[in-house]
Amino acid sequence: MIKLLKYDWKRNATAITAMFCILIAVQIGFSVFAWYRDYDPTVQYVISSMLYAFCGFLAFIAACMTFNANLKSYSRRLLPLPSLYTVLSCFVLLLATHAVLAGLYFLHDWIYRLLFDIETLSALAAEHLTIIHALSILLAYVFGLASTTIVIFFGVAIARMFEGKLGIFLGIAACIAIYSLVGWLGEILFPFRESSMSLVFLQVDFANHGPGNEEVTFIPFENMRLGEVLYELLYNSVLLYGILYIMDRKTKL
């Protein structure tokens, strides 16, 4: 799989490097402009954070495009390697890109704290969250990213089974149908509670103590509902099997 990962990196190296360079340049330019115009530091921080989130979305799009290109690559498909490696290679590259983005974000966060002495996200996290909380949030993020990636990859695989616009339409329809069906079944099996939100490895409880006085509590692992975890793992496993089946037997080169 390392060779496939190197191949995917070479395919995306220029675009990913350019994205990071543009992001850094835009952040520096925006910070200088905001300082010159005397913008509120909190507003600066929020806008800067949104730019990082947008780059994370672009990285996800790049991973999906890489997977689609790999499905169309005849030489890639002839390699004597399991189809699973093709899926994992794209996802590992996506994770690595997000990890670098996270590193840049926390470095930027630290600089903001030094310059403006405001309560940033990392400062609030250090004050209210333990290592176990941070680990559960990280696992919930990785699991959620993997789940989303599997659904989109399944849609891409469906699209590759057919020629032209019909394949694109069926791929999009498959993604929408999966999200609708999974969400509907999830609501039936695990009724939604307005005062809490489950993120698989993390439960978030909300308490309203009056106007402007809301309390958010993160509960990791110990209150994790096993049924929801098994449900998530089950449908993701089924979709992953579907992707591999289509890649091995149904995809048109």
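Bear in mind these aren't lab numbers, they're just calculated from the coordinates by the rules spelled out. None of these values were measured; they are calculated from a predicted model. Quick reminder, even Gly has a Cβ in these numbers, built from the backbone with ideal geometry, and neighbours come from all protein chains shown.
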Practice item. Identify, among LEU101, LEU51, CYS90, the residue whose Cα sits farthest towards the positive end of the charge dipole of the stretch 1-128, taking +1 on the Cβ of Lys and Arg and -1 on the Cβ of Asp and Glu, with the dipole about the Cα centre. Key: CYS90
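Going by how many other Cβ atoms sit within 10 Å of their own, how do TYR52, TYR241 line up, fewest first? Let's see the in-between values first.
Numbers: TYR52 18, TYR241 11.
Going from least to most buried by this count: TYR241, TYR52.
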Study note, to complete from the structure: The simple spin-label model distance between LEU84 and PHE20, using points 7 Å out along Cα→Cβ, in nm, is 3.0
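If you take every residue apart from CYS64 with its C-beta less than 15 Å away from the C-beta of CYS64, what net charge results, scoring Lys and Arg +1 and Asp and Glu -1? Working shown, then result.
Numbers: positive: ARG11, LYS72, ARG160; negative: ASP8.
Summing Lys and Arg as +1 and Asp and Glu as -1 gives +2.
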Study note, to complete from the structure: Rounded to the nearest 0.05, FRET efficiency between ILE28 and TYR141 (Cβ-Cβ, R0 41 Å) equals 0.95
Practice item. Kindly write out, for the stretch 132-143 in residue order, the coupling ³J(HN,Hα) from the Karplus curve 6.51 cos²θ - 1.76 cosθ + 1.60 (θ = phi - 60°), rounded to whole Hz, with x marking Gly and Pro. Key: 5, 4, 4, 5, 5, 5, 4, 5, 5, 5, 5, 5
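Suppose every K and R has +1 on its Cβ and every D and E has -1 on its Cβ; what is the size of the dipole of the stretch 1-128 about the Cα centre, in Debye to the nearest 20? If you can, show how the numbers build up before the last one.
Numbers: 9 positive and 7 negative charges, 227 e Å.
Using only the charged Cβ atoms, the result is roughly 1100 debye.
Working out 0.36 nm times the residue gap between PHE190 and LYS10, then minus their Cα-Cα distance, what length gain in nm do you get to one decimal? Before the final figure, lay out the partial values.
Numbers: separation 180, 0.36 × 180 = 64.80 nm, distance 4.33 nm.
Contour length minus Cα-Cα distance gives 60.5 nm.
Express in nm, to one decimal, how much length is gained between ASP40 and LEU233 on full extension, taking 0.36 nm for each residue of separation and deducting their alpha carbon distance.
On the way: separation 193, 0.36 × 193 = 69.48 nm, distance 4.37 nm.
Between ASP40 and LEU233, full extension yields an extra 65.1 nm.
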